[in-house]
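Visitor: Got a structure for you, written out below as structure tokens; questions coming shortly.
Every number in this text was worked out from the coordinates using simple rules, so none of it is lab data. The model shown is predicted, which means the values in this text are computed figures rather than measured ones. Using ideal geometry, Cβ is built from the backbone for each residue, glycine included, and neighbour counts are taken over all protein chains shown.
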Amino acid sequence: MRRKNKINLVSIAVFIIILILFYIFSPEFRSTLANYGIFGQSDDSSFAAVTETGALMHVIDVGQGDSILLQSGEYNILVDAGPNSAEDELISYLNSAGVDRLDCFVLTHPHEDHIGGADLVIDTFDIDTVLMPDCTATTKAFENVLDAMEEKGLGVTVPERGDNFSLGKLDFTVLAPAGNDYDETNDFSIVLKVEYENTSFMLTGDAETLSEQEILDKFDSDFLKCDVLKAGHHGSSTSSCEDFVLAVAPRYAAVSCALDNNYGHPHKETRTLFDELGIEWYRTDYDGNIVFVSDGENVGVK
């Protein structure tokens with residue numbers, strides 16, 4: 001009996017040594033283990049290493065609002081800045097992700113839950129380019145953004161549908177808005193398709209069904225296909241219409257919303273649609289910060 005125990009211990013020791021050797025000499029194996037919290041870190045300290053050879057899409061938990069950070073190589077792009085109530089948490093998150101400047105700051109539309117923290121972002125970081133739609137508001141939040149931009153000497157670039165630009169290995173296509181005459185401010189939302197090598201992300205702001213239909217009318221479904229969809233308007237039933245979601249055909253979807261919010265986001269219709277289509281979806285009120293990781297061929301989620 002003692003001899004059998006000794007043999008088992010030797011076998012276990014040999015197995016552990018093999019694991020260690022694989023870990024040392026195989027980056028792929030090490031990466032796989034790290035994804036499960038083994039022989040690796042799954043916290044923000046690993047972000048910098050990932051951006052050297054891949055791309056990250058952070059869906060930041062800012063409560064009832066939107067803020068998305070894209071990173072690849074030395075490039076940082078922030079899309080929306082959440083509500084004023086979460087601005088300190090946003091700055092803290094950006095710092096933890098290694099952001100020291102922004103190559104592009106996109107404010108999809110002038111609602112407070114998307115621009116409330118923008119003035120502090122502008123005050124805190126050097127910014128190369130600011131993108132905003134041709135839409136204004138009479139709110140204090142919008143006034144604060146304009147004042148902060150004036151103080152920093154920043155101008156605004158208004159993108160047009162079909163515009164393309166690149167930052168490092170990230171390629172951007174502007175899908176919306178199609179014009180500058182909408183009844184609903186949400187439909188002025190800048191919608192971006194972001195491609196990193198053979199993977200892609202769809203960022204929709206608060207674009208609703210009208211804007212989604214305009215996108216479907218302009219772009220074919222092969223181009224619209226993406227690995228990740230940021231659900232429009234916090235998962236509202238007025239966005240993420242079935243035709244649009246079918247065209248995008250995402251593997252993953254993310255909903256940015258606050259716990260027990262007054263709007264009931266994400267709505268049952270959106271949740272049911274994602275489930276019926278087999279889309280793996282996440283929500284910041286339950287899951288906190290959501291980070292999608294691309295190696296150029298595949299996308300995973302942390």
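Visitor: If you rank L224, L107, L120 by fewest surrounding Cβ atoms within 10 Å, what's the result? Could the numbers behind the result be given before it?
Guide: Values: L224 20, L107 25, L120 17.
Ascending Cβ contact count within 10 Å gives the list L120, L224, L107.
Visitor: I need the phi-derived Karplus couplings for region 219-232: 6.51 cos²θ - 1.76 cosθ + 1.60, θ = phi - 60°, integer Hz, Gly and Pro marked x.
Guide: 10, 7, 5, 4, 6, 6, 4, 9, 6, 10, 10, 7, 4, x
Visitor: Using the Cα gyration tensor of region 236-302, with a ≥ b ≥ c the square roots of its eigenvalues, what is the shape: rounded (a/c below 1.5), prolate (a/b larger than b/c) or oblate (neither)?
Guide: oblate
Visitor: At 0.36 nm per residue, minus the direct Cα-Cα distance, what do N298 and S92 gain on full extension? Give it in nm, one decimal, please.
Guide: 71.3 nm
Visitor: Tell me whether region 93-214 comes out rounded, prolate or oblate; compute the Cα gyration tensor, take square roots of the eigenvalues as a ≥ b ≥ c, and use a/c under 1.5 as the rounded threshold.
Guide: It is oblate, given that a/c is not under 1.5 and a/b is not larger than b/c.
Visitor: Between beta-carbons, use under 13 Å as the cut-off and find the net charge around L170, counting Lys and Arg +1, Asp and Glu -1.
Guide: -3
Visitor: Stretched out fully, how many nm does the piece from E160 to E269 gain, at 0.36 nm a residue minus the Cα gap?
Guide: Here the answer is 36.1 nm.
Visitor: So between D100 and T185, what do we pick up on full extension, going 0.36 nm a residue minus the alpha carbon distance?
Guide: 27.5 nm
Visitor: Still on this structure, please answer the following. Read phi for every residue in region 68-79 and hand back ³J(HN,Hα) as whole Hz from Karplus 6.51 cos²θ - 1.76 cosθ + 1.60, θ = phi - 60°, with x for Gly and Pro.
Guide: 10, 10, 10, 9, 7, x, 8, 9, 10, 10, 10, 10
Visitor: Need one word for region 41-301: rounded, prolate or oblate. Basis is the Cα gyration tensor (sqrt eigenvalues a ≥ b ≥ c); a/c below 1.5 gives rounded, then a/b vs b/c decides.
Guide: Rounded shape, in that the Cα axes give a/c under 1.5.
Visitor: In nm, to one decimal, how far is the modelled label at E151 from the one at K225, with both set 7 Å along Cα→Cβ?
Guide: 4.7 nm
Visitor: Provide S189, S200, S96, S72 in ascending order of the number of other Cβ atoms located within 10 Å of each residue's Cβ, fewest first.
Guide: In order of increasing Cβ crowding within 10 Å: S96, S200, S72, S189.
Visitor: Roughly how many nanometres apart are two label points built 7 Å out from the Cα toward the Cβ at T136 and E242?
Guide: Distance between the two pseudo-spin positions: 4.2 nm.
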